[in-house]
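Q: I have a structure here, written as structure tokens, and I will follow up with some questions on it.
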Amino acid sequence: MSTLGNIQTQAEEVVARCRTLSLFSEDSRSIRRTFLSPPMRDCHRELAKWLVAAGAEVTLDAAGNLRAFYAATESRAPRLLFGSHLDTVPNAGAYDGVLGVILAVALLESLEGRRLPFGIEVVAFSEEEGVRFATPFIGSRALVGRLDKQFLNCQDRNGISIRNAIENFGLNPAEIPHAMIRQDTLAYLEFHIEQGPVLDSLKQPLGAVEAIAGQTRMEFVFVGHANHAGTTPMEFRRDAISAAAEWILAVERSAQKDPGLVATVGQIEAKPGATNVIAGQARVSLDLRHRSDEIRVRAAAALRGLAEEIVERRGLTLRTSELLNQRAVEMDKFLVGEIDNAMRSVGCQAHRMVSGAGHDAMILAEKVPAAMIFLRTPGGISHDPAESVRTEDVAKAIECGLHLLEQLASSSEFQKRMCRA
Ligand SMILES: [Zn+2]
């Protein structure tokens, strides 16, 4: 087992490896690595080298996920999954997704060939961000059997379908069903940077994710009358932008009053969009997230009611449409409790949190108990070249992961789960 000095060296190596993989990019001056783009091959080559050296057997599934298996003491033992994604957004940082994969590699290395009562499978997902096909989780969907034929027909901007992209990478889409996780999969665990400011503000290196928030996305169209900005006195106006503005501020106020609720209006489009014309129409977006589906759905209805009240008072009309209604996902309570214990064992507070962003763990949770460990993100900055991670936090994550493996290996609850698997 690794000593603390070793762990510090290992953490430095983890950070260096993330930097190495960040060199494999579709863009020459920034990081962009979308689903099965050529630089993904370079990532696979490097990762496979490290994984094989750690004693794992490496394969590539038909959805382009790199899978590495580190065998248990017994060949028929069930397996525990660790994973995260290798794809990035455009102009990305070096740690979102990649860090979770490399940390899993580091855990295997720390075992130094020692076998556990369960096998460990490391999964490096091919796609999570949804950049190339405007739809996320291509990699993890394959593991839960949700990469169906219709989904494979989604096309990127160049008219290349997911199916074509898989074939062009030298893989066979007909083999996607074999990418499904095995029946004897015990759980899925994921390390990921927090991508927010909470742990940094609390000065905590790690956090245990209890739930991934559900999301509502809606479009609100405020319809008034376009008219001359000079000749229409204020009392004669049906100004769509003013109505939308009144509502937008009310959205912010109502989310501030509701703990755990985050509400964002990220887009406004006004028509006709001229300085000397009163806006006849304002189209605005709403993104609403909460860990409780009930609170989220109630908040969406209340905000719609508020918009109706505003348009009625101002003599306008309103059109709304719901674009997404995604349920919240609870992480496995037993695993979260074990993560708490592992965090305490390494001298951290067992801080629990809700993830406002979607992650592969959310998809895996459909089939197996899942949980996540967040690492502090300095300045809360992510999806940006300035994204970073502290080496000492990476060391804590490795230490915490090793404790977690030890705990699970000796836990009677986990043994029961192993017998059922
Ligand atoms: Zn990510």
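The values are calculated or read from the model by the stated rules, or taken from the named source; none is laboratory data. None of these values were measured; they are calculated from a predicted model. Please note: Cβ atoms are built from the backbone with ideal geometry, for glycine as well, and neighbour counts cover all protein chains shown. Just the protein is used for accessible areas: all its heavy atoms, side chains included, with ligands, DNA and RNA removed. Shrake-Rupley method; radii C 1.70, N 1.55, O 1.52, S 1.80 Å.
Q: Placing unit charges on C-beta atoms (Lys and Arg positive, Asp and Glu negative, everything else neutral), compute the dipole magnitude of the chain about its Cα centre in debye, rounded to 20.
A: I would put it at about 540 debye.
Q: Let me know the shape class of region 76-166, please: from the alpha-carbon gyration tensor, a ≥ b ≥ c as square roots of the eigenvalues, rounded when a/c is under 1.5, otherwise prolate if a/b is greater than b/c, or oblate. Please report the intermediate quantities before stating the final value.
A: On the way: a/c = 3.84, a/b = 1.72, b/c = 2.23.
In terms of gyration-tensor shape, oblate.
Q: To continue, here is another question. State the answer as a single residue: which of 400, 162, 378 lies farthest towards the positive end of the charge dipole of the chain, with beta carbon charges of +1 for Lys and Arg and -1 for Asp and Glu, about the Cα centre.
A: Projecting each Cα onto the dipole axis, the largest value belongs to 162.
Q: Separate question: Which peptide among 155-165, 209-219, 315-325 comes first, and what is the full order, when sorted by highest mean count of other Cβ atoms within 10 Å? It would help to have the intermediate numbers written out before the result.
A: Details: 155-165: 15.5, 209-219: 20.9, 315-325: 13.5.
Put in order of decreasing packing, that is 209-219, 155-165, 315-325.
Q: Another question, then. Between helix 38-53 and the chain, what is the angle of the helix's C-alpha long axis to the longest principal axis, kept within 0 to 90° and rounded to the nearest 10?
A: With both axes taken from Cα atoms, the answer is about 30 degrees.
Q: Express the carbon and sulfur contribution to the solvent-accessible surface of the chain as a percent, rounded to the nearest whole number, probe 1.4 angstrom.
A: Its accessible area is 49 percent carbon and sulfur atoms.
Q: Calculate how steeply helix 333-345 sits against the longest principal axis of the alpha-carbon atoms of the chain, using the helix alpha-carbon long axis, and give the answer as 0 to 90 degrees to the nearest 10.
A: That helix lies at roughly 70 degrees to the long axis.
Q: Next question, about the same structure. At a threshold of 8 angstrom on Cα-Cα distance, excluding pairs fewer than six apart, so keeping six or more, what relative contact order does the chain reach in percent?
A: This gives 21 percent for the chain.
Q: Further question on the same structure: Among the lysines, which have Cα under 30 Å from the Cα of residue 149 when same-chain residues fewer than 8 positions away are ignored?
A: Once the sequence-local lysines are set aside, what remains near residue 149 is 367.
Q: Shifting gears a bit: What does the accessible area of residue 359 come to, in Å² to the nearest 10, when a probe of 1.4 Å is used?
A: Rounded to the nearest 10, the figure is 0 Å².
Q: Counting Lys and Arg as +1 and Asp and Glu as -1, each charge on the Cβ, what is the dipole of region 1-83 about the Cα centre in debye, to the nearest 20?
A: Using only the charged Cβ atoms, the result is roughly 140 debye.
Q: For the chain, what does the accessible surface come to per residue with a 1.4 Å probe? Please give it in Å².
A: Roughly 44 Å² per residue, with all protein chains present.
Q: Principal axes first, then extents: for the Cα atoms of region 1-143, list largest minus smallest coordinate on each axis, whole Å, largest first.
A: 42, 34, 19
Q: Find how many whole Å separate the alpha carbon centroid of region 199-214 from the alpha carbon centroid of region 42-97.
A: 25
Q: Which one, 7, 305, 389, projects farthest toward the positive side of the charge dipole computed for the chain from Cβ point charges (K/R +1, D/E -1)?
A: The residue sitting most towards the positive pole is 305.
Q: Compute the separation of the alpha-carbon centres of region 365-421 and region 221-271 and state it in Å as a whole number.
A: With region 365-421 and region 221-271 each reduced to a Cα centre, they are spaced 43 Å.
Q: Could you work out how far apart the two model spin labels at residue 271 and residue 411 are, taking each label as a point 7 Å from the Cα in the direction of the beta carbon, and quote it in nm?
A: Going by the 7 Å Cα→Cβ label model, 5.5 nm.
Q: Which angle from 0 to 90°, rounded to the nearest 10, does the C-alpha axis of helix 98-111 make with the longest principal axis of the chain?
A: That works out to roughly 20 degrees.
Q: Express as a percent, rounded to the nearest 5, the fraction of DSSP beta bridges in the chain (both residues included) that run antiparallel.
A: 70
Q: Under a cut-off of 26 Å between alpha-carbon atoms, report the lysines in cross-link reach of residue 257, not counting same-chain residues fewer than 8 places apart.
A: Straight-line reach from residue 257, under 26 Å: 203.
Q: Only four residue types carry charge here, +1 at the Cβ of Lys and Arg and -1 at the Cβ of Asp and Glu. Report the dipole size of region 93-155 about the Cα centre in Debye, rounded to the nearest 20. Present the calculation step by step, with values, prior to reporting the outcome.
A: On the way: 6 positive and 8 negative charges, 50 e Å.
With only Lys, Arg, Asp and Glu charged at Cβ, the dipole is about 240 debye.
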